[in-house]
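Undergrad: I have a structure I would like to understand better, so I am pasting it below and will then ask my questions one at a time.
The values are calculated or read from the model by the stated rules, or taken from the named source; none is laboratory data. Predicted model, so just to flag it, every value in this text is computed and none were measured. Ideal geometry is used to build each Cβ from the backbone, glycine not excepted, and the neighbour counts take in all protein chains shown. Ligands, DNA and RNA are excluded from the accessible area calculation, which covers all protein heavy atoms including side chains. Shrake-Rupley method; radii C 1.70, N 1.55, O 1.52, S 1.80 Å.
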Amino acid sequence: MIAKRVIQFIEKENLFSPKDKILVALSGGADSVALLRLLHNAGYHCEAAHCNFHLRGAESNRDELFVERLCKEIGVQLHTVHFDTVQYASEKQISIEMAARELRYEWFETMRITRHADVVAVAHHKDDSIETMLLNLIRGTGIAGLLGIRPRNQAIVRPLLCVNREEIIQYLTSIGQAYVTDSTNLQNEYTRNKIRLDLIPLMQEINPSIIESLLETGNNLNEVSSIYNKEIAEGKKRVQTPEGIHIQQLLNEVSPQAILFEILHPLGFNPSQIKDILAAAIGGQAGKQFMSKSHRVIRDREFLLLEPIGKVTNLPSFELTKEEQAYSSDFLIPRDKNTACFDADKLNQAISMRKWELGDTFVPFGMQGRKKVSDYMTDCKFSISQKENQWVLCCGEQIAWLIGERTDNRFRIDKTTRRVVIYKLTR
């Protein structure tokens, strides 16, 4: 009997106890209705949470009315929220499906805390787990993507992973429980629906037990992933530094591509890009860049630099403070790169601050001849990111300080100095 199997699964996976409060995600579809009825009939303390995403017109409102009637009939408290999902997706520049997911799970967690619930129960079942495995496999994934859906993810629990869709429908029929059907689930227009309606039936023609075979594979890989994750975590510690991913250390690893995949794939880089990045690390020229939607990787001399897109801006990431004082022979010039001291009388034009530009020159402190700023940064082995974010302090048209790096010799303190201007950089 399905009820007994679900309770045994809950106990086996330690999802929650009989004294816990369960917030059940209730859409009105067969899966979530079955979940609520199973938990409620088993004596668990349940409340329900329903999201109206306003994506299917009258159908969305029909679903809301249905769950209201159901919860009233069985005596379960219902909480409902309305979302403008299309607007949210547009603002975040994400797909409708991703927008609905983000809105749903953020609200579930808010309600869980507000209602003092112990867990949020969602109605994923065996078939959903298989679809997720296949979807990840089609898109390209690491070992984690082949595990299927796990029974628990922090406060999210999935008590129905021990049963399939057919068993759920049979259960609802046996107790005479109605449910609503999302018409989009019957349309062959989204990737997941194509897997559900086309690919899995085709695979079942080849192997009628394909669902159980894939689930067993996922369970086996779950054991392997524990070992894999431990090794990957240790590898990440060896290759990642404050400067970036140390290329030589990465190449010394047993599986550089696996470590690089686990670092970069969560940041939106696809498997093909990651292979290209590894090839660039092995033999590419410094300066090559790779972009995901949120990050970029730059192949520098010794490191793969990893940073969020948008980090390079026209606004400084630091502040400058200025003070002026009389000069005396006992004044000590700080040797701190974040402090610059000038002869105040030599700073006799308007002071400004800007990003360095191609063609800029200055006279580095202690030298006589001019040097291009670009050459100076190359000689000092600046990374591409450091070059992009380098600012200069100007006196009129002349550079007085390569900020945070080196002052210009023309504005130095000497025997004729009477007043000193001190600039201090705070990052």
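Undergrad: May I ask for the angle, rounded to the nearest 10°, between helix 165-174 and the longest principal axis of the chain, with both axes built from Cα atoms and the value confined to 0 to 90°?
TA: Tilt relative to the chain: about 40 degrees.
Undergrad: Compute the distribution of all C-alpha to C-alpha distances in segment 190-264, in bins of 5 Å from 0, and list the percent of pairs in each, rounded to whole numbers.
TA: For segment 190-264, the binned pair fractions read 3, 13, 17, 13, 10, 10, 12, 11, 8, 3, 0 percent.
Undergrad: Can I ask one more? From Cα pairs below 8 angstrom and at least 6 apart in sequence, can you work out the relative contact order of the chain, rounded to a whole percent? Display every interim value, and only then the final one.
TA: On the way: 612 pairs, mean separation 49.1, N = 427.
It comes to 12 percent, rounded to a whole number.
Undergrad: Tell me, in nm to one decimal, what length is gained between E97 and K237 on full extension, where the rule is 0.36 nm per residue of separation less the Cα-Cα distance? Mind showing how you got there, number by number?
TA: On the way: separation 140, 0.36 × 140 = 50.40 nm, distance 3.48 nm.
Here the answer is 46.9 nm.
Undergrad: Which net charge results when you count Lys and Arg as +1 and Asp and Glu as -1 among the other residues whose beta-carbon is under 12 Å from that of H116? Mind dumping the intermediate values first?
TA: Numbers: positive: K21, R112, R115; negative: D20, E47, D118.
That works out to 0.
Undergrad: How much length would be gained if the chain were fully extended between R69 and I351, taking 0.36 nm per residue of separation minus their Cα-Cα distance, in nm to one decimal? Present the calculation step by step, with values, prior to reporting the outcome.
TA: On the way: separation 282, 0.36 × 282 = 101.52 nm, distance 7.15 nm.
The span from R69 to I351 would gain 94.4 nm if fully extended.
Undergrad: So how far, in whole Å, is the C-alpha centre of segment 70-126 from the one of segment 364-381?
TA: 58 Å
Undergrad: Further question: In sequence order, what are the phi-derived ³J(HN,Hα) couplings for segment 384-389 according to the Karplus relation 6.51 cos²θ - 1.76 cosθ + 1.60 with θ = phi - 60°, rounded to whole Hz, with x for glycine and proline?
TA: Along segment 384-389, the couplings run 4, 4, 5, 4, 5, 9 Hz.
Undergrad: With a 1.4 Å probe and every protein chain left in place, tell me how much accessible area K381 has, in Å² to the nearest 10.
TA: The accessible area of K381 comes to roughly 130 Å².
Undergrad: Which parts of segment 85-100 would a label at D182 reach, counting a residue when its backbone N lies under 19 Å from a point 7 Å out along Cα-to-Cβ?
TA: Hits in segment 85-100 for D182 at 19 Å: 85-90, 94-100.
Undergrad: Still on this structure, please answer the following. Run the quick spin-label model on D276 and T191: label points 7 Å from Cα toward the beta carbon, then report their separation in nm to one decimal.
TA: Going by the 7 Å Cα→Cβ label model, 1.8 nm.
Undergrad: When all C-alpha to C-alpha distances in the chain are sorted into bins of 10 Å, what percent of pairs does each bin hold, rounded to whole numbers?
TA: Taking all Cα pairs of the chain, the binned fractions are 4, 16, 20, 18, 14, 11, 9, 6, 2, 0 percent.
Undergrad: Between M1 and Q257, 0.36 nm times their residue separation minus their Cα-Cα distance comes to what? Mind showing how you got there, number by number?
TA: Values: separation 256, 0.36 × 256 = 92.16 nm, distance 4.65 nm.
Residue separation times 0.36 nm, minus the Cα-Cα distance, leaves 87.5 nm.
Undergrad: Any idea what angle helix 2-12 forms with the longest principal axis of the chain, computed on alpha-carbon atoms, 0 to 90 degrees, nearest 10?
TA: Here the helix axis deviates by roughly 40 degrees.
Undergrad: Could you work out how far helix 30-41 tilts from the main Cα principal axis of the chain, as a 0 to 90 degree angle to the nearest 10?
TA: The two axes meet at around 70 degrees.
Undergrad: What does the net charge come to around G268 if you take all other residues with beta carbon closer than 11 Å to its beta carbon, with K and R at +1 and D and E at -1? Mind showing how you got there, number by number?
TA: Values: positive: K293, R296; negative: none.
Computed value for this residue: +2.
Undergrad: Which FRET efficiency, nearest 0.05, do E319 and E11 yield, Cβ-Cβ r, R0 60 Å?
TA: Details: r = 58 Å, r/R0 = 0.97.
For E319 and E11, the calculated efficiency is 0.55.
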